[in-house]
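**Student:** Handing you this structure, nothing more for now.
The values are calculated or read from the model by the stated rules, or taken from the named source; none is laboratory data. Everything numeric in this text was worked out from a predicted model, so none of it was measured. FYI the Cβ positions are ideal-geometry reconstructions off the backbone, even for glycines, and counts take in every protein chain you see. Ligands, DNA and RNA are excluded from the accessible area calculation, which covers all protein heavy atoms including side chains. Shrake-Rupley method; radii C 1.70, N 1.55, O 1.52, S 1.80 Å.
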Amino acid sequence: MRSRVSELFSQSRSAAGSRRIMFMMREDGIEIGRFKVRKLMNEMKLVSKQPGSDAYKKATVERPDIPNVLDREFTVTSPNEVWCGDITYVWVQGRWHYVAAVIDLFARRVVGWAFSSKPDADLVIKALEMAYEQRGRPQNVLFHSDQGSQYGSRIFRQRLWRYRFTQSMSRRGNCYDNAPMERLFRSLKTEWIPTVGYMSASLAQQDIGRFLMQRYNWQRPHQFNSGLAPAVAEERLNAVSGIS
């Protein structure tokens, strides 16, 4: 049991906490509790890299023409009902590069992403296009983001209109209004991206894509899904509900 805890901790790049290791061991058929895992980690001096919670100031200012329609209603009843998007930055070859991602709130699955040296509207459009095509070109999706200029740009809003999507934006400066995206990027940065960044853009794109579309979607336990990875949870929930 000690060796399995150590192995899972190593596989997560020293970022797995006791709760996540407990979920992964239960997936292996090993019945164990969180406190037992924590005890074993303490005995082996395994310390998670996961950061603590941050304190943020409250903000209440909505954008008049794009209100906060979602209003933190992060639990939805079906796929392609609500998508969330955001941008983060990574250090690559001595300069900042940018990652845009889109998740489906139904099971927190990453459905689209894009990588670029520029944080412009084209970046978020590429992530949206990927999601739109991979999810079978759905309509009547609520797309939520923060008040970033890329999401408020004319070209992005036109794309949402073309797809027949409704747009929602967080209140200014309030990260809790887009908490699922904050959690995704926090996991990416604390669990996966090397602390010194990447040596090349091609390596960064390949490695980040592996995390988002493979590890995060199919392997990494997610607390929202009771320990199931997002894609696995979505498939099971779809099978139970009869959603195709």
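**Student:** Suppose we filter Ala101, Ala114 for residues that are within 17 Å of the chain's Cα centre (by Cα) and within 26 Å of Ser226 (Cα to Cα); which single one remains?
**Tutor:** Ala101
**Student:** In region 217-235, how many residues are more than 30 Å from Gln93 (Cβ to Cβ) and either of a type in the set (Phe, Trp, Tyr) or in a helix (DSSP H, G or I) (or both)? Working first, answer last.
**Tutor:** Start the filter on region 217-235 by keeping residues that are more than 30 Å from Gln93 (Cβ to Cβ), which leaves 221-235.
Those still in the list that are either of a type in the set (Phe, Trp, Tyr) or in a helix (DSSP H, G or I) (or both) too: 223-225, 230-235.
Residues that pass the stated criteria total 9.
**Student:** Then there's this: Please give the number of the condition Met181 fails out of (1) over 22 Å from Asp71 (Cα atoms); (2) assigned to a helix (DSSP H, G or I).
**Tutor:** All conditions pass for Met181, except number (1).
**Student:** Follow-up question, since we're still on this one. Is it true that Gly242 is open to solvent by 10 Å² or more (accessible area, probe 1.4 Å) and modelled with pLDDT of 95 or more? Break it down stepwise before answering.
**Tutor:** Details: open to solvent by 10 Å² or more (accessible area, probe 1.4 Å): yes; modelled with pLDDT of 95 or more: no.
Here the answer is no, as Gly242 does not meet what is asked.
**Student:** What is the residue count in region 113-143 for residues that are open to solvent by less than 30 Å² (accessible area, probe 1.4 Å), in a helix (DSSP H, G or I) and either farther than 17 Å from Gln167 by Cα or touching a residue at least 60 places away in the same chain (Cβ under 8 Å) (or both)?
**Tutor:** Counting residues in region 113-143 that are open to solvent by less than 30 Å² (accessible area, probe 1.4 Å), in a helix (DSSP H, G or I) and either farther than 17 Å from Gln167 by Cα or touching a residue at least 60 places away in the same chain (Cβ under 8 Å) (or both) gives 1.
**Student:** If the requirement is being assigned to a helix (DSSP H, G or I), touching a Phe, Trp or Tyr at 6+ places or on another chain (Cβ under 6 Å) and open to solvent by 10 Å² or more (accessible area, probe 1.4 Å), which of these qualifies: Gln158, Gln214, Gln205, Gln167? If you could, list the steps in order and put the result at the bottom.
**Tutor:** Details: Gln158 fails: touching a Phe, Trp or Tyr at 6+ places or on another chain (Cβ under 6 Å); Gln214 fails: touching a Phe, Trp or Tyr at 6+ places or on another chain (Cβ under 6 Å); Gln167 fails: assigned to a helix (DSSP H, G or I).
Exactly one residue qualifies, and that residue is Gln205.
**Student:** So for region 173-186 (the condition being open to solvent by 20 Å² or more (accessible area, probe 1.4 Å), touching a Pro at 6+ places or on another chain (Cβ under 9 Å) and farther than 22 Å from Asp122 by Cβ), does at least one residue qualify?
**Tutor:** Scanning region 173-186, I find at least one residue that is open to solvent by 20 Å² or more (accessible area, probe 1.4 Å), touching a Pro at 6+ places or on another chain (Cβ under 9 Å) and farther than 22 Å from Asp122 by Cβ, so the answer is yes.
**Student:** Quick check, is Gly94 over 20 Å from Lys189 (Cβ atoms), open to solvent by 10 Å² or more (accessible area, probe 1.4 Å), of a type outside the set (S, T, N, Q) and assigned by the TED database to the domain that holds Pro194? Step through it out loud before you land on a result.
**Tutor:** On the way: over 20 Å from Lys189 (Cβ atoms): no; open to solvent by 10 Å² or more (accessible area, probe 1.4 Å): yes; of a type outside the set (S, T, N, Q): yes; assigned by the TED database to the domain that holds Pro194: yes.
For Gly94, the condition - over 20 Å from Lys189 (Cβ atoms), open to solvent by 10 Å² or more (accessible area, probe 1.4 Å), of a type outside the set (S, T, N, Q) and assigned by the TED database to the domain that holds Pro194 - is not met.
**Student:** Based on this model, can you work out whether Ser200 counts as in contact (Cβ under 8 Å) with a residue 40 or more places away in the chain and either surrounded by 15 or more Cβ atoms within 10 Å (Cβ to Cβ) or over 30 Å from Pro67 (Cα atoms) (or both)?
**Tutor:** Working: in contact (Cβ under 8 Å) with a residue 40 or more places away in the chain: yes; either surrounded by 15 or more Cβ atoms within 10 Å (Cβ to Cβ) or over 30 Å from Pro67 (Cα atoms) (or both): yes.
Against the criterion (in contact (Cβ under 8 Å) with a residue 40 or more places away in the chain and either surrounded by 15 or more Cβ atoms within 10 Å (Cβ to Cβ) or over 30 Å from Pro67 (Cα atoms) (or both)), Ser200 qualifies.
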